[in-house]
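Notes to accompany the following structure.
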Amino acid sequence: MEPLTIVIVAVILLFPILLVKEARKQKKTSMSVFESYAISHGWTYMQKDDGTIQKLAKDFQSIGRFNSPSLGNIIPENVVIGSVPEGKIYLFQHYVRIYEGNALQLDVCILELEKPIIDRLIIRFKKGKSRLTNDLYTMPELDIDPKWTNDVAIYKNDPKFKDVLDDSTLTTLVQKANNLPWRTDLQIKNNLLAVYIAERNSSVESENDLSLLIDFARYTVDNIQET
């Protein structure tokens, strides 16, 4: 066998091994970040969800999927539970199988409030992407003022959302979202607000990233409740 052929065969054989090793490395790094964050804040950490997250998020679109035909049950990982002045905080990582060969990792922050905000609302912050594919949400996309079409996509079953999301509030949220290091989606369901990284190949890499997610969730609640 020619030397070049040997090298090519070796690379082909090693490539899957390297992919597995890298995936394990990333998983271990994520676990360390979430666990360290929990410890530093005196919060609870679970490597795998004990059912808390699945019960909490089951009615959310996208992040509320916990099984797939090919993989069976998909359990959220790296769960952190704590509290902030606005309410209870839940951080976790979740893998969503959209369809065969298309999966998405979501790093999620849910803020549980005492009082409901709105029955159901989804905001996708485009962050410079004029068009977004939608494999996650089934609610209809609303026709909104053209001045916002380059910044957000809003999904709701009826167009009445301006009681909690007027122009001033939307302006502040877009500015805040654009300053984050990744593109985010936001969902509100009654008294639950979820913010999560919704950009492929982007994920939490540090404790500061977790703080950014929490800060955005709190910022959203504080601004919406002021309207």
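The values are calculated or read from the model by the stated rules, or taken from the named source; none is laboratory data. Treat the numbers as computed from the prediction; the structure is a model and nothing was measured. No Cβ is skipped: glycine too gets one built from the backbone with ideal geometry, and neighbour counts run over all protein chains shown. These area figures cover heavy atoms from the full protein model, side chains too; ligands, DNA and RNA do not enter into them. Shrake-Rupley method; radii C 1.70, N 1.55, O 1.52, S 1.80 Å.
Among the candidates LEU173, LEU142, the residue that is crowded, with 19+ Cβ neighbours inside 10 Å and among the hydrophobic types (A, V, I, L, M, F, W, C) is uniquely LEU173. Among the residues of segment 49-63, those identified as touching a residue at least 40 places away in the same chain (Cβ under 8 Å) and not aliphatic (A, V, I, L, M) are ASP49, ASP59, PHE60, GLN61, SER62.
Can you work out which of the residues in segment 115-128 that are among the basic types (Lys, Arg) and part of a loop (DSSP other than H, G, I, E, B) is surrounded by the fewest Cβ atoms within 10 Å (Cβ to Cβ)? Here the answer is LYS115. Restricting attention to segment 53-86 and to residues that are crowded, with 19+ Cβ neighbours inside 10 Å and small (Gly, Ala, Ser), the residue that is modelled with the lowest pLDDT turns out to be SER62.
When segment 43-81 is filtered for residues that are touching a strand residue (DSSP E or B) at 6+ places or on another chain (Cβ under 8 Å), in a loop (DSSP other than H, G, I, E, B) and not acidic (Asp, Glu), the ones remaining, listed by number, are TRP43, PHE60, GLN61, SER62, ILE63, ARG65, PHE66, SER70, LEU71, ILE74, ILE75, PRO76.
The residues of segment 177-202 that are touching a Pro at 6+ places or on another chain (Cβ under 9 Å) and among the polar types (S, T, N, Q), listed by number, are ASN190, ASN191, SER202.
Flag: SER40 matches the condition of being open to solvent by 60 Å² or more (accessible area, probe 1.4 Å), modelled with pLDDT of 95 or more and assigned to a helix (DSSP H, G or I). Is it fair to say ARG131 is farther than 20 Å from ASP209 by Cα, part of a loop (DSSP other than H, G, I, E, B) and open to solvent by 30 Å² or more (accessible area, probe 1.4 Å)? Yes, satisfied. Is there a residue in segment 89-97 that is modelled with pLDDT under 85 and more than 18 Å from THR184 (Cβ to Cβ)? Checked segment 89-97: at least one residue is modelled with pLDDT under 85 and more than 18 Å from THR184 (Cβ to Cβ).
When ILE110 is tested against the conditions (1) open to solvent by 30 Å² or more (accessible area, probe 1.4 Å); (2) part of a strand (DSSP E or B), the lone failure is (1).
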